[in-house]
Structure formats: C-alpha cells, structure tokens
Amino acid sequence: MESSAESPQPVRAVLQAVGGWVDRLGAIWVEGQVAELNSRGRMSYLTLRDPVANASVRVICETGVLRRQDPPPGPGDRVVVHAKPDFYQLRGTFSLRAREIRHVGIGELLARLEQLRRTLTSEGLFAPERKRPLPFLPNTVGLICGRDSAAERDVLENGRRRWPAVRFEVRPVAVQGDRATREVIDALRDLDARPEVDVIVIARGGGSMEDLLPFSDEALVRAVAAAGTPVVSAIGHEQDTPLLDYVADVRASTPTDAAKKAIPDVGEQLEIIRQLRDRGRRVIGGGLERELTWLAGIRARPVLADPVRETERLTDQVLELRDRARRSLTISLDRAQEALGHTEARLHALSPATTLARGYAIVQREDGSVVRSATEPELGEKLRLRFAEDGLTATVDEVDTDPATGPEPGPEEPPEPEESSEPEEPPRSEESPESEEASESEEPAEEAATGKAPAKKPAARKSPAEKATTTKKTGGAGKGARTKGAGSKSSGAKTKSTGAKSTAKKTTTDDTQGEQA
C-alpha cells in the first residue's frame, strides 16, 4: 500500500487494509487472566490480560460460551481462549471473537510452575550458597504486605513485642490480582534502595493457589534474587510454597514466624547474657581458686618459707665438695709423686750412665757402632772405649775368645807424660778400706729398704796416667790390660797401648751423655 504527502490514503482504505490482514489470520489459542467481564444479553465482553507484560486485549463471545464452563470464568481467573482475531473497521478496534473458553487446570498450572522452577534452579537463583544471613539486630525492617491486612498486624505486633526499639518501613501493595506482581516489585526496589533498611519482609496471609500465583511470577523471583538486602518470605501458610520461598534468603511459615526470625527477642537475649555472665563468673572464680591454691603451694615450699636455711644447706654442700676435691687432689698428687719416685729409681737403675759408673765400658768403632763381640773388630783396628765420664782410644792387638784363660795382667807401668796443653787432673784420694767396708755394709740395708737388686760398686777412678792403655806382655814382655765390654766384665779383646807413640784421648762426660741420648 503506497502513499505520500501529496497522495495520502484515506482512513477507510487504511482500515480496510488492516482488516484484510487480520482476516487472513487463522483461529488461535490465547492464555491470560480475566481482568473485566460484562454480559449484555446474549453477548459478553471480557478483558484478557497478560500479567507479565501488563498487556491486555478485548474478547467478545456469546454468553453461552461462558455458561458452558462450570463454574463460569470470572475476574482474576486464568483462562485459555480459542478465538479468531477481528478488526472492526468503523472504529478501528482489534478484538478476539472467542469460540471456546476454558479454565486453566490446577495440574496444568503446577506443571508450568515446576518447569519455571527447574529453569530458575538451573540458573542458580535457588542455590544455598547465594543466600545471605540475616543481621543480628536490625535497626529498620522493611515490610511489604496488603493494606491493613492481618499479616501487617502480626509482623508489627510481634516485632515490637520482641524488640521495642525496632523501626518499620511499611509498603502496602495489592497481594492478588493483575496488579499484585508489579506493585510488589516496585515496593521491593524502593526498600532495597534505602541504606537504613537492614532486612525486607514480604508477607501475605493464606489463600488459594490462584491467589498466591503473583508470588510465583518469574519477574518477582528475579527481582528478589537481584536485591542487595536480605529478604524474608512469609506467604500463605506452612503448606503453601510459591517460588518466592525458594529465592528468598529466609523462608518463614507465617508472618508471625517472619517477625520471630527477623527480630531477636529482648528477653531471650537478656537470658543469654545472664547465662554468659554466670558462666564467666564461674570460670573466673575457678581460675582464681586454682591460682590461689598454686600460690599457696609456692609459698609453702622451703626455699621460699626459709630461704636462709636453703642457702646454708647449699653452702655446706659447696664447702664439702671443695674439701673432697682438695683431699682427692692431694691423694692424686701423692700417688703421682710416689709413682714418679719409683719410675725415677727404675730409670736410674737401668740407665747406661749408672752401669758405666759401676766400672763398665762401651767399646765402639771409629764410626760410632758398638762392638758386642771380640770377633767383630779386626786386628790393628782402632777402638774407642767409653767410660762414665771420659774415654780413650785403643788398638786391637790380639783377640782372646776365652777371657777366663787369658794371661794375667802384669804390673802397671808408669805411663809416659802426655804432651797436652790441658792441666793435669790431681789424683783423687783413695778411700780407706774401712770406708769401703762401711759403704759395702750399707748397700744391703738400702736393698732391703727399697727392694731393688744390688748394684755393683763402681771401680775407683783412675788418674789420667792410669787410664792410658797398656800393652799386653808377649813372652817375657809386660802384661796387657783387659778391657771391659758393654754388658760384661771383660770384652775379651786385648788392645795394645800406644804408649809414648799415642796419646790417650779423653772424652768429656757431655760427649758420653750426648751419645747415650
């Protein structure tokens, strides 16, 4: 249909065109809620409303169509209409020509509500984890209920009886009919926007399932889920469960129960405080009793009752330990000194110097090695004889393997004077036989006292001239001197003295002691 400002279409043409389009529509089934119903003779006029979209359409039918239902539909009833769309061209109005009207059955309503509940559950609107706890003591309670209804009186009276200082913000709304859902949503959003409101209660008394349908509306359920303030649902009685109960943070069976859950009882709280106070007194009293008992036990201890006595006891212990330590140290020192004396005596008895002092000698080669047998040195080999304090050099002239059958030593010949820059050592005075006998008689006494083996008396020291090596007599010649080897009275090797041709070489005591070390 073409038109312009220069060639507009007349009204009748537009209405005819729209009527033609509507006539081409077939019969359809429409569901809605009866908002108005007027019967004039054999014709009846209804207003069918969609509560979700807040839209309506006029329905015209014969009165007999309504009477075929038992009971006939009335305002507020949900119905399903089988009608043909109609457009009245003279007035330009759209309507539905109803051919059949049916009540929406309870079973069908329940099935639709169950389907809606499953859909909202799958979206997580009924999940327990999204529910918020109620405040312990709300300052202001928002109340959405019918004007001057019993639910309003129950909530206000019980709430103020439980906590007289509580305040209420009441929003009266329609709780059934086509306007109920929209008014409840508006009141909910208004109270949720107020920061002083701590909790919102939506309350309604009992009624039929059709009366409670506005509280199962999808739009209301989503509005409650989006609210930031905790919501308490108190719709109908215990057996009534609209979808609002699933999405609310707390469900109450009745408006009175909602007041009990939203507002604490001052008497109960005072009783709880009294019990806590009594428990605190018992706990504190018991704790004090235990601490006093412990303190009395501490005071009764001897260390605190008479600290001087304990100090004296500990002082006596310290002194006793000190004396014991001193005695133990003295005994240990005495024992160590005694052991040291024994060791010193044994060392003196076993010392090579002591052996040399008793008249023994050590025979050594020129390289310092010790001669232990008469067969070891060669004839003519020079040997060194070491005594306790000095030594001399001798030459092997003859080897006697049997010192017991060797020739007796001849009379000592006076040695030739030595040409030495060292001053001669004055001869030592010989001890008298009486002194020797006295010293010999003292030795057994010492042996008996010490328990040591008798030591041989060292030979009398000779003068430097006597220490010169003498030659062994051969045939009618003079007798040679026998030398004492280390560890025996005679080494068995006879040495020839160098006489005037060789000078006896003295070795100092320091030399001998150095070699012994």
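Please report, to two decimal places, log10 I(q)/I(0) for the range 110-264 at q = 0.08, 0.15, 0.16 Å⁻¹ as given by the Debye formula with identical point scatterers on the Cα atoms and no solvent. Taken in order of the listed q values, log10 I(q)/I(0) reads -0.19, -0.70, -0.80.
Its residue count N sets the reference 2.2 N^0.38 Å, and the alpha-carbon radius of gyration of the range 311-350 equals 1.93 times that reference. Ranking of PHE126, PHE215 by neighbouring Cβ atoms within 10 Å, starting from the fewest: PHE126, PHE215. Given R0 = 56 Å, the distance between the Cβ atoms of HIS82 and GLN269 translates into a calculated FRET efficiency of 0.35.
Note that the range 11-104, at 10 °C in a medium of 1.306 mPa s, gets a Stokes-Einstein diffusion coefficient of 116 µm²/s from its Kirkwood radius over C-alpha pairs. Listed by Cβ neighbour count within 10 Å, with the fewest neighbours leading, MET209, MET43 appear as MET43, MET209.
Values quoted throughout were computed directly from the atomic coordinates according to the rules given, and no laboratory measurement underlies them. It should be emphasised that the depicted structure is a prediction, and the values quoted were computed from it without experimental measurement. Note: ideal-geometry Cβ built from the backbone for every residue, glycine included; neighbour counts use all protein chains shown.
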